[in-house]
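K.L.:
This is the structure I want to talk about, given as structure tokens.
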Amino acid sequence: MKIGVVTFPGSNCDYDCYKAVEELLQAEAVYLWHKEHDLQSVDAVFLPGGFSYGDYLRCGAIAAHSPIMREVIEFANAGGPVAGICNGFQILCESGLLPGALVRNRTLKFRSRAVHLRVERAEPPFTSEYEMGQVLRIPIAHGEGCYIADPAVLDELEANGQVAFRYCDAEGNIVPAANPNGSVRNIAGIVNAAGNVLGMMPHPERAVDPLLGSTDGAPVFRALADHLSIAR
Amino acid sequence: MTEYSIEVRVTPRRGILDPQGKAVGGALASLGFSGVGEVHVGRIVVFSLTAEGEPQARESAEAMCRQLLANPVTEDFRITVSPAENVG
């Protein structure tokens, strides 16, 4: 099992992702540089958080057109598992692998704290280690994490079960007060129609060890490892 | 081939939440400016472009907007093509 972590200029969570793969899964992790065209035969790809290309123009817009993304898009379209976290989620939306867009938080404030999430989808490759409705505590750190999409797109996401996570309170209630950025329908993460591409604003890689204050993000990585060993 | 000046004006799409515009609007009001309606904050991208003619320049700029300069989910764009300014 070999898992790739893309590094764009400005990525700052690539090392966290790399360590989560290496230490939690005891699997081989490789960095994929944004200028490369070679995915090095990885079995899955993470697009980490950060500020790719300085977030100039729009978050994720320039990264979406970087050389490595051509290969990532091809890999994703062929069914390869791809997860974008925070800036990675923005890149997935900008590249058209996921619908919708992420805009400035409604509050205009950069939000950096732990939030509660409710699991809305418990399926491979990324969320099968969770129970439906399970409440997680995972950190967020973003200024532009307000998810929006056309109402028709949102209805389709809901109908297909593509909403993976929603912001909720500690009891799992989906309430406006639990929404840190103003995302429509409290959406914190979605998958594509085929289910192999996940985008989420919260950082599971920052919640994989008790030292980090939570281990609720670890199942994302474990689910992927399970999926890949079964797929073999 | 002729050189043109291209100005692309990208603004938040109508009906899309524009918290930045709202904040600026609030600041203008607190400075005492009255009569200010809805405020939107966008971005202007300016560049020179060599093309066969103005229609080709516009077409090329439109393709740039659709692919990169604007996100059609959240933004509208307007393109102005004018003769390149003489430099020097």
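K.L.:
What list of ³J(HN,Hα) values in whole Hz, one per residue of region A:112-122 in order, does the Karplus curve 6.51 cos²θ - 1.76 cosθ + 1.60 (θ = phi - 60°) give from phi, with Gly and Pro shown as x?
P.N.:
Karplus-based 3J(HN,Hα) across region A:112-122 equals 10, 5, 7, 10, 9, 10, 10, 6, 10, 8, 10 Hz.
K.L.:
Mind checking which lysines have their C-alpha under 30 Å from A:LYS19, skipping anything on the same chain fewer than 8 residues away?
P.N.:
The reachable lysines, counting only those whose Cα sits under 30 Å from A:LYS19, are A:LYS2, A:LYS35, A:LYS109.
K.L.:
Still on this model: Loop-only check: which trypsin sites (Lys or Arg not before Pro) in region A:1-44 are DSSP coil with at most 15 other Cβ within 10 angstrom?
P.N.:
Filter output for region A:1-44: A:LYS35.
K.L.:
Output the 0 to 90 degree angle, nearest 10, between the alpha-carbon long axis of helix B:54-64 and the longest principal axis computed from the alpha carbons of chain B.
P.N.:
50 degrees
K.L.:
Under the Karplus relation 6.51 cos²θ - 1.76 cosθ + 1.60, θ = phi - 60°, what is the ordered set of whole-Hz ³J(HN,Hα) values for region A:84-100, x standing for Gly and Pro?
P.N.:
Taking θ as phi minus 60°, the curve returns x, 10, 6, 4, x, 5, 4, 5, 4, 5, 5, 8, x, 6, 10, x, x Hz for region A:84-100.
K.L.:
Then there is this: With a cut-off of at most 13 other beta carbons within 10 Å, and DSSP calling the residue loop, which chymotrypsin sites (Phe, Trp or Tyr not before Pro) in chain B qualify? Please list them.
P.N.:
B:PHE33
K.L.:
Can you give the calculated 222 nm mean residue ellipticity of chain A, where each DSSP H run of n ≥ 4 adds -39,500 (n - 2.57) and the sum is split over every residue, rounded to the nearest 500 deg cm²/dmol?
P.N.:
Using -39500 (n - 2.57) per qualifying helix, the result is -6000 deg cm²/dmol.
K.L.:
Using the Cα centre of region A:1-114 as origin and beta-carbon charges of +1 (Lys, Arg) and -1 (Asp, Glu), tell me which of A:ALA78, A:LEU92, A:VAL45 is placed farthest towards the positive end of the dipole.
P.N.:
A:LEU92
K.L.:
Continuing with this model, one more query. Return the single residue from A:TYR56, A:TYR130, A:TYR18 with maximal mean-square fluctuation; model: Gaussian network over chain A, springs between Cα atoms under 10 Å.
P.N.:
Ranking A:TYR56, A:TYR130, A:TYR18 by mean-square fluctuation puts A:TYR56 first.
K.L.:
Using a 10 Å cut-off on Cβ to Cβ distances, tally the other chain neighbours for every residue of A:141-152 and report the average as a whole number.
P.N.:
Taking all residues of A:141-152 together, the mean is 1.
K.L.:
Please turn the phi angles of region A:214-222 into ³J(HN,Hα) values with the Karplus equation 6.51 cos²θ - 1.76 cosθ + 1.60 (θ = phi - 60°), one per residue in order, whole Hz, x for glycine and proline.
P.N.:
Here the 3J(HN,Hα) series is 6, 10, 5, x, 4, x, 4, 6, 5 Hz.
K.L.:
If you rank A:SER41, A:SER183, A:SER229, B:SER60 by fewest surrounding Cβ atoms within 10 Å, what's the result? Before the final figure, lay out each step's value.
P.N.:
Numbers: A:SER41 8, A:SER183 23, A:SER229 11, B:SER60 18.
Lowest to highest Cβ neighbour count: A:SER41, A:SER229, B:SER60, A:SER183.
K.L.:
In the protein assembly as shown, if the dipole is taken from +1 on Lys/Arg beta carbons and -1 on Asp/Glu beta carbons about the Cα centre, which of A:PHE110, A:ALA159, A:LEU24 is farthest to the positive end?
P.N.:
A:PHE110
K.L.:
How would you rank A:VAL21, A:VAL30, B:VAL10, A:VAL45, going from fewest to most other Cβ atoms within 10 Å of each one's own Cβ?
P.N.:
So the residues, fewest neighbours to most, are A:VAL30, B:VAL10, A:VAL45, A:VAL21.
K.L.:
Okay, helix-only estimate at 222 nm for chain B: each DSSP H run of n ≥ 4 adds -39500 (n - 2.57), divide by all residues, round to 500 deg cm²/dmol; what do you get?
P.N.:
Details: 2 runs with 23 residues, N = 88.
That comes out to -8000 deg cm²/dmol.
K.L.:
Only Lys, Arg, Asp and Glu count, each charged at its Cβ (+1, +1, -1, -1), so figure out the dipole size of region A:121-232 about its Cα centre, rounded to 20 debye.
P.N.:
Value, rounded to 20: 200 debye.
K.L.:
So, one more: Between region B:35-62 and region A:8-63, how many Å separate their Cα centres?
P.N.:
Result: 33 Å between the Cα centres.
K.L.:
Same structure again: Collect residues whose amide H, placed 1.01 Å from N in the peptide plane, falls under 5 Å from the amide H of A:ALA164; neighbours closer than 5 in sequence don't count.
P.N.:
A:GLY189, A:ILE190, A:VAL191
K.L.:
Per residue of B:64-71, how many C-beta atoms from partner chains lie within 10 Å of its own C-beta, taken as a mean?
P.N.:
3
K.L.:
Also, I was wondering about something else. Taking the Cα centre of the protein assembly as shown as the origin, how large is its charge dipole in debye, to the nearest 20, when only Lys and Arg (+1) and Asp and Glu (-1) carry charge on their Cβ atoms?
P.N.:
840 debye
K.L.:
Also: Could you state the angle between the C-alpha long axis of helix B:19-30 and the longest principal axis of the C-alpha atoms of chain B, as a value from 0 to 90 degrees rounded to the nearest 10?
P.N.:
On a 0 to 90 degree scale, this one is about 60.
K.L.:
Which value, in Å³ per residue, describes the convex hull spanned by the Cα atoms of the protein assembly as shown?
P.N.:
169 Å³
Read-outs throughout are calculated quantities, based only on the coordinates presented, and are distinct from any laboratory measurement. This is a predicted model, so every value here is computed, not measured. We place every Cβ from the backbone using ideal geometry, glycine too, and count neighbours over all the protein chains shown.
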